[in-house]
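All remarks here apply to the structure that follows.
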Amino acid sequence: MVGAATGAEKDRQVDRRYERGTVSAQPVRDQYGYTWEAYMQLMSDEEMEILQARADARPGVALVALLTDQEKANLRRRSVADREIGT
């Protein structure tokens, strides 16, 4: 429950920053070299449905802002694992 409350508060903070205009458009590539499109391609259909449900619940928030840092890290790990020989 603590994790959920912490995540919800983080989401609210991001929402407020967007509303105030202190968060601008997502950079073309993040610090790991991934684009938003690359993250989208790594997501399963089920993950996309979850992300879309978040977007439906929070209109006006960019879809890219709804993917957490932990989720991005998991997608990057999946990407690397897919490219390794013998996995």
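The values are calculated or read from the model by the stated rules, or taken from the named source; none is laboratory data. Here the structure is a predicted model, which is why all the values come from computation and not from measurement. All Cβ positions, even for glycine, are placed from backbone atoms using ideal geometry, and neighbour counts span all protein chains on display.
With part of a loop (DSSP other than H, G, I, E, B) and either in contact (Cβ under 8 Å) with a residue 12 or more places away in the chain or of a type in the set (A, V, I, L, M) (or both) as the only criterion, which of Val61, Val80 stands out?
Val61
Please work out if Asp11 is of a type in the set (Asp, Glu), part of a loop (DSSP other than H, G, I, E, B) and either in contact with a helix residue (DSSP H, G or I) (Cβ under 9 Å, 6 or more places away or on another chain) or modelled with pLDDT under 90 (or both).
No: the conditions fail for Asp11.
Looking only at region 48-58, how many residues end up being in contact (Cβ under 8 Å) with a residue 12 or more places away in the chain and part of a helix (DSSP H, G or I)?
Total satisfying the criteria: 2.
Table: residues versus (1) loosely packed, with under 14 Cβ neighbours inside 10 Å; (2) at pLDDT below 90.
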| residue | (1), (2) |
| --- | --- |
| Ala65 | no, yes |
| Glu71 | no, no |
| Val80 | yes, yes |
| Ile85 | yes, yes |
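So, of the residues in region 14-49 that are modelled with pLDDT of 70 or more and small (Gly, Ala, Ser), which turns out to be surrounded by the fewest Cβ atoms within 10 Å (Cβ to Cβ)? I'd like the intermediate steps shown before the answer.
Here is the first cut: in region 14-49, the residues modelled with pLDDT of 70 or more are 28-49.
With small (Gly, Ala, Ser) added as a condition, the list becomes 33, 38, 44.
On the way: Gly33: 8, Ala38: 15, Ser44: 10.
Residue satisfying both the conditions and the ranking: Gly33.
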